[in-house]
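Just so it is clear, none of the values below were taken in a lab; they were calculated from the coordinates. Note that this is a predicted model, so its numbers are computed, not measured. Because the Cβ atoms are built from the backbone with ideal geometry, glycine has one as well, and the counts that use them run over all protein chains shown.
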Amino acid sequence: MSDLHDDMFDDDFTDDTADDFTDESTGDFADGEFDDGLLEEELRQAAAILDPVPAELRQIAVEAYALHDLDARIAELTFDSLVDGIPVRGATDPPRMLTFRAGEVTVDVEVTGQGLIGQVLPPQPARIEVLSGPQAALPLMADDMGRFTADAPPAGPFALRLRAGGDVVVTEWLRA
């Protein structure tokens with residue numbers, strides 16, 4: 001190493017000193033003084049005290065993991081007016097237009113400050129739930145033309161669960 005390195009890091013720790021702490025045959029810490037399980041548990045306890053997971057977030061995670069519909073298809077977001085749309089001059093609060101697709105099923109949704117307006121394509125009656133975190137799902141019914149509305153806009157992250165015929169489709173989670 002360079003003389004500069006030697007001057008900056010002049011200490012008494014050598015490879016011989018490191019050997020005092022490790023077992024030469026395995027390279028592990030001597031006398032079993034290092035226990036992975038104990039270290040992991042101490043780190044978990046420290047994290048729980050210093051940076052606890054909020055109860056609401058824990059509940060959301062449990063519900064997301066427990067998936068009510070294991071056979072549900074995930075509808076991919078194929079259009080989002082925030083990303084793909086062309087801005088309209090003079091529009092102060094334009095609605096957000098979303099399109100989700102899962103196989104042959106398409107869900108078009110318009111999110112406004114007054115609520116949701118949407119349509120399931122091909123047109124069919126369906127039961128739709130607006131999922132939004134720890135709150136109970138808001139149930140909606142799509143008519144024979146596949147149209148549905150909700151009087152309140154989703155607050156925070158949301159997804160839609162669509163049940164039509166024997167199919168269950170769940171959209172990606174988005175922030176309103």
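With Cα atoms defining each centre, region 34-59 and region 107-176 are spaced 37 Å apart in the structure.
A straight chain from R147 to I86 at 0.36 nm per residue would run longer than the Cα-Cα distance by 19.5 nm.
Electrostatic bookkeeping for P123 treats Lys and Arg as +1 and Asp and Glu as -1; over the other residues with beta carbon under 12 Å from its beta carbon, the sum is -2.
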